[in-house]
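The values are calculated or read from the model by the stated rules, or taken from the named source; none is laboratory data. Keep in mind the model is a prediction, meaning the values are calculated, not measured. Neighbour counts run over all protein chains shown; Cβ positions are idealised from the backbone, glycine included.
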Amino acid sequence: MKKHLLSIVAVAAMLASCNDLKKPETKDQLSEATSDTAVVARTGQTAADATADAGAKTAAAVTDAGGIVADAWDVTKEKLADVKLPEINLPDINVRGSENYNVYGLEEKVLFDTDKAEVKSTATKALQQISASIAQRYGKNQVRIMGFADSRGDKDYNRELSEKRAEAVKNWFVQNGKVDASRISVEPMGEEQPVASNATPSGRQQNRRVEIAVRTK
């Protein structure tokens, strides 16, 4: 008798489980989802994936009517070798490149006074050469201006200053170099990616710089 009752209970439980599986998901169930699944429901991307995307410093992102569109821009992963361009003859400008990017570099002393973000008038010739080279070689290709600082002082201040400097160079290109603003993005790097040691004055000077990267194709 007991075995018979146990069998009936088991069958009832199985039927209840099947009914639950047939029920459609409701809005209330969606609101109770975890942060990861809630993001998936809206965008198809997990919160973990979104965080990783946001933390990718050198990956461009543009917003359109449909949301965030990822771009594969990443200069840091490129193996950039020194490049000689005939139209660039000023010793203050260094050029490195790969099959995907060319990067024009200028030290802080060429562009700015210490702790300032206004482009010096003496930087005009160097910026003219760079903007002319970009116009000659890369037509309407995308440009990214990256500001860098040394590691002295407050990290947030360094990042803010590097952003203001990159914006100042962007404005110069738009106003004087006739580069359409829609082609230019700005990336404040702060004290990330030093090219020399921050332990010496000469190394810190090299780290305080602006780089203008251009897609070659």
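Assorted remarks:
- Pick from the range 179-208, criterion hydroxyl-bearing (Ser, Thr, Tyr) and part of a helix (DSSP H, G or I), ranking: nearest to the chain's Cα centre (by Cα): 182
- Conditions (1) in contact with a helix residue (DSSP H, G or I) (Cβ under 6 Å, 6 or more places away or on another chain); (2) part of a strand (DSSP E or B); number of the one not met by residue 211: (1)
- Some residue of the range 126-137 being surrounded by 14 or more Cβ atoms within 10 Å (Cβ to Cβ), touching a Pro at 6+ places or on another chain (Cβ under 8 Å) and in the same structural domain as residue 83 (by TED's automatic domain parsing): no
- Qualifying residue in the range 134-157 (condition: aliphatic (A, V, I, L, M) and within 19 Å of residue 204 (Cβ to Cβ)): yes
- Selected residue (only one of 207, 198 is under 13 Å from residue 106 (Cα atoms) and in contact (Cβ under 8 Å) with a residue 24 or more places away in the chain): 207
- Contact annotation: residue pairs with Cβ atoms under 6 Å, 6 or more positions apart or on different chains, pairing a residue in the range 130-153 that is within 24 Å of residue 189 (Cα to Cα) with a partner that is among the small types (Gly, Ala, Ser) and assigned to a helix (DSSP H, G or I), are 145/166; 147/162; 147/166; 148/162; 149/162.
Yes or no, residue by residue, for (1) under 23 Å from residue 102 (Cα atoms); (2) touching a Phe, Trp or Tyr at 6+ places or on another chain (Cβ under 7 Å); (3) at pLDDT 95 or above:
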| site | (1), (2), (3) |
| --- | --- |
| 114 | no, no, no |
| 139 | yes, no, no |
| 148 | yes, no, no |
| 165 | yes, yes, yes |
| 178 | yes, no, no |
| 189 | yes, yes, no |
| 198 | no, no, no |
| 207 | yes, yes, no |
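- Of the residues screened, residue 110 is not one that is in a strand (DSSP E or B) and assigned by TED's automatic domain parsing to the domain that holds residue 173.
- Residue count for the range 138-153, restricted to those that are in contact with a Pro (Cβ under 8 Å, 6 or more places away or on another chain) and either part of a loop (DSSP other than H, G, I, E, B) or on the phi > 0 side of the Ramachandran plot (or both): 2
- Criterion (surrounded by 18 or more Cβ atoms within 10 Å (Cβ to Cβ), on the phi < 0 side of the Ramachandran plot and among the aliphatic types (A, V, I, L, M)) met by exactly one of 111, 90: 111
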